[in-house]
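Notes to accompany the following structure.
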Amino acid sequence: MEEVKLFGATPSPFSYRVIWALKLKGIPYEYVEEDLSNKSALLLQYNPVHKKIPVLVHGGKPIAESIIILEYIEQTWPQNPLLPKEAYERAQARFWTKFAEDKSLTFYAFFRSDGEEHEKAIKDALEVLRILEEQGLGEKKFFGGDTVGLADIAWGWMAYWLGVMEEVVGKKLFEAHAFPRLHEWMENFKKVPAIKENLPERNGMLAHFKRQREILIASSIS
Amino acid sequence: MAEALVLLDFSLSPFGVRVRIALAEKGIKYEYKEEDLKDKSSLLLQMNPVHKQIPVLIHNGKPICESFIIVQYIDEVWKDKSPLLPSDPYRQAQARFWADFVDKKVVNCGRRIWLVKGEEKEAAKELIECLKMLEGELGDKPYFGGESFGFVDVALVPFYSWFYTYETCANFSIEAECPKLVAWAKRCMEKESVSNSLPDPHKIYDYVLQVRKRIGID
């Protein structure tokens, strides 16, 4: 098998999406940790358009953008599938995956803002959670059904990163009693071995996010 | 079976055009339903409760939403004719990447040119940068898909009919800056699936003027 390399940055949830997919499928890979304040020449060469992590390099050929990387991994290594076989169900999985992409800015706004913008972000984020709770999961254990799928991986950050964000911001967004299905999904997701064994260390994450929020708030005032 | 497929759409929407091109490429018959975006039908709200937006493809009563997801669905179900995505995983990833680039960059810059007062010059400059990157990706190929029309071509060509609007709002020439890209668009327009699906650029401009007036830009 050709060499697989992942350029990522802890604790980016986008990095972890790719790690989870590789682990779920049992694909060996080399991990390269990038310093986002000092990006390597190699990263800039592999992703000249966006200059971002994650980038997967397979046999020397780079693929960028986490969801696109996941689709590539799914096609190249079909074991432990992340997408259903049937076309309509695939379209549904891709819809909820895209919803995660579209709404990441809403949760980022919750994290980086204060004042009026923050209040709006809370309102928008709660609406997203409501949609997921009522229309996204349904009665399923995972978005993917009985096993973790593409949409679970796309939303996976919420099971672990959201709690840290809430602690840093000093505001609780997600109440288990208000979103019982989502709460159960989060608990089930974190129990999956490939996920449980591949989560960033919480204290380090807390410190990192605290620093980030300070910088973001300061830069929005000036 | 025309009754099995219904497309909820808005004639001027470039996202709807993507779906119309894909359906035409595959020679698929369907029923077209025009939506009034200021007075959305109960069918649309029922079929796309999350976003309440067009396009929505309804196949045997089941809705598929989001233009790229619809195009992929069409490509997978009617896979024997005019494939749009390459079968090779790496080439497919590249196609997804550039289609995503169109959505992240071209759509965004385009909107800022006509929808946000005072940003047209800067947005036009950024649009040209993005189109030049796409020209680089196109290279000497007749289409982004290579010898045949493909997913990235479907993603981008609907915006060709918006060039007139962008150029008029921000007073610049896309053809002067990106001649290769305009040549590519004209080549695509030689295909019936494209020329039959793209709206008249002047109709788009008239619509944009109406919207700008309504929201107080003009």
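In the range B:100-125, the residue that is farthest from the other protein chains (Cβ to nearest Cβ) out of those that are free of Cβ contacts under 8 Å to residues at least 40 places away in the same chain, open to solvent by 40 Å² or more (accessible area, probe 1.4 Å) and under 28 Å from A:Leu56 (Cα atoms) is B:Asn108. Selection within the range B:69-99: residues that are buried (at least 19 other Cβ atoms within 10 Å of the Cβ) and outside any helix (DSSP H, G or I). The member of this set that is farthest from the other protein chains (Cβ to nearest Cβ) is B:Leu84. In this entry, B:Trp114 passes the filter for residues that are touching a Cys at 6+ places or on another chain (Cβ under 7 Å) and farther than 20 Å from B:Met133 by Cβ. For the range B:184-209, taking the residues that are touching a residue at least 60 places away in the same chain (Cβ under 8 Å) and in contact with a helix residue (DSSP H, G or I) (Cβ under 6 Å, 6 or more places away or on another chain), the one that is farthest from B:Gly136 (Cα to Cα) is identified as B:Val208.
Quickly run through the range A:39-51 and pick out the residues that are in contact with a Lys or Arg (Cβ under 8 Å, 6 or more places away or on another chain) and outside any loop (DSSP other than H, G, I, E, B).
A:Leu43, A:Leu44
Considering (1) in contact with a strand residue (DSSP E or B) (Cβ under 6 Å, 6 or more places away or on another chain); (2) open to solvent by less than 10 Å² (accessible area, probe 1.4 Å); (3) within 14 Å of chain A (Cβ to nearest Cβ); (4) not β-branched (Val, Ile, Thr), the lone condition that B:Leu131 does not fulfil carries the number (1). When residues in the range A:3-38 are screened for being open to solvent by 70 Å² or more (accessible area, probe 1.4 Å) and not in a helix (DSSP H, G or I), 9 of them pass. In the range A:61-81, the residue that is nearest to the other protein chains (Cβ to nearest Cβ) out of those that are in a loop (DSSP other than H, G, I, E, B) and open to solvent by 50 Å² or more (accessible area, probe 1.4 Å) is A:Pro78. Among the candidates A:Glu34, A:Glu101, A:Glu86, single out the residue that is closer than 28 Å to B:Met133 by Cα, facing chain B (nearest Cβ under 10 Å) and modelled with pLDDT of 95 or more. One residue alone meets the criteria, A:Glu101. Restricting the range A:143-158 to residues that are open to solvent by 10 Å² or more (accessible area, probe 1.4 Å) and within 16 Å of the chain's Cα centre (by Cα) leaves a set whose member that is farthest from A:Lys210 (Cα to Cα) is A:Gly144. With respect to the conditions (1) within 11 Å of chain B (Cβ to nearest Cβ); (2) in contact (Cβ under 8 Å) with a residue 60 or more places away in the chain; (3) not small (Gly, Ala, Ser), A:Val49 falls short on a single one, namely (2).
In the range B:58-68, the count of residues that are more than 7 Å from chain A (Cβ to nearest Cβ) and part of a loop (DSSP other than H, G, I, E, B) is one or more.
The values are calculated or read from the model by the stated rules, or taken from the named source; none is laboratory data. Only a predicted model underlies this, so the values are computations on that prediction, with no experimental measurement involved. Ideal geometry is used to build each Cβ from the backbone, glycine not excepted, and the neighbour counts take in all protein chains shown. Surface areas here come from the heavy atoms of the whole protein model, side chains and all, with no ligands, DNA or RNA. Shrake-Rupley method; radii C 1.70, N 1.55, O 1.52, S 1.80 Å.
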